[in-house]
Amino acid sequence: MHIPLTVALLTYNRSHYLREAIEGIRAQTYRNFEFLILDNGSTDDTPSVVLGIQDERIRYVRNP
């Protein structure tokens, strides 16, 4: 599958805003994109928020 667009979201300990931000991107009418979420070592529940969303376009990378 060829992905012509990557949307990147960088986050750090902002899980309380993250769900709304993710849903805003997923709700776009243009559907052919990869959604790259880069977590810069969050210590809150960011991983569970992201991993709890089932969408094949989301790629989650957690940095130490």
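The combined condition, being in a strand (DSSP E or B), modelled with pLDDT of 95 or more and open to solvent by 30 Å² or more (accessible area, probe 1.4 Å), is not fulfilled by L36.
Please determine whether any residue of segment 14-33 is without any contact (Cβ under 8 Å) to a residue 40 or more places away in the chain, part of a strand (DSSP E or B) and not hydrophobic (A, V, I, L, M, F, W, C).
Taking every residue of segment 14-33 in turn, none turns out to be without any contact (Cβ under 8 Å) to a residue 40 or more places away in the chain, part of a strand (DSSP E or B) and not hydrophobic (A, V, I, L, M, F, W, C).
In segment 39-64, the residue that is most open to solvent (accessible area, probe 1.4 Å) out of those that are in a helix (DSSP H, G or I) and hydrophobic (A, V, I, L, M, F, W, C) is L51.
The values are calculated or read from the model by the stated rules, or taken from the named source; none is laboratory data. A quick note: this is a predicted structure, and the numbers were derived from the prediction, not measured. We place every Cβ from the backbone using ideal geometry, glycine too, and count neighbours over all the protein chains shown. Heavy atoms of the whole protein, side chains included, go into the accessibility calculation; ligands, DNA and RNA do not. Shrake-Rupley method; radii C 1.70, N 1.55, O 1.52, S 1.80 Å.
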